[in-house]
Amino acid sequence: KKHGVHPGTNTPWRAGVKCQRFFVQGAKSGYFEVQATDAEQIPSRAQIKSRIDQFKAAKGEMEAALRAAEAKERREIKEFDEARESNPWLRRVKWQAHTAGLDAEKLRELVSPVGDDEPELQVLYKAFDWMIQNAQYTTVQEVVGQAALFEVNKKE
């Protein structure tokens, strides 16, 4: 608080000051200044328009950043409650623990079908397909129960 006589008025207060108070009574019921009376603090139309443009630009940047963060959130694979997993096999092999933190879009690109413009990959794909079919044929000849397969593939 400034005490004393204010120059030009010969009074212990200032005139033309807009004040407000939060409490009508009590220890904290004093007034406080909410707006200065200087003419230079009243913004012109150009300043207001400039501030509105700045606000719109900042709002646009914030919305773009929010959209980018949401897109990243959707792309990244997260490990969540296994009980909510819809497929028991995925829960059994713990796929979430293996893929947590990876980009789902990049993973989809890796498992996309081989295109006609990739002849080398087509040859490799066919070779792996034959190898997997041969392995499946060999392992199916001996019938093994599902409990034994789970025990063999169990991760601790």
>> How long are the semi-axes of the equivalent ellipsoid of region 86-132, taking √(5λ) for every eigenvalue λ of the Cα gyration tensor, in whole Å from largest down?
In response: 27, 15, 8
>> Run the numbers for residue 29 and residue 147: contour at 0.36 nm per residue of separation, minus the present Cα-Cα distance, in nm.
In response: 34.8 nm
> Across region 128-138, in residue order, what do the Karplus-derived ³J(HN,Hα) couplings come to in whole Hz, using 6.51 cos²θ - 1.76 cosθ + 1.60 with θ = phi - 60° and x for Gly and Pro?
Replying inline: 5, 4, 5, 5, 5, 4, 5, 5, 5, 5, 5
> If each of residue 139 and residue 42 carries a label point 7 Å out from its Cα toward its Cβ, how far apart are those two points in nm?
Replying inline: 8.4
> Near residue 115, within a Cβ-to-Cβ distance under 15 Å, what is the net charge of the other residues, with Lys and Arg +1 and Asp and Glu -1?
Replying inline: -3
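If r is the Cβ-Cβ distance from residue 53 to residue 96 and R0 is 41 Å, what FRET efficiency results, to the nearest 0.05?
The calculated FRET efficiency here is 0.35.
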> Any idea how far apart residue 21 and residue 116 come out in nm if each label point goes 7 Å out from Cα toward Cβ?
Replying inline: 8.5
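Coordinate-derived values only; no laboratory data. Remember, predicted model here, so these are calculated numbers, not experimental data. All Cβ positions, glycine included, derive from the backbone under ideal geometry; neighbour counts span all protein chains shown.
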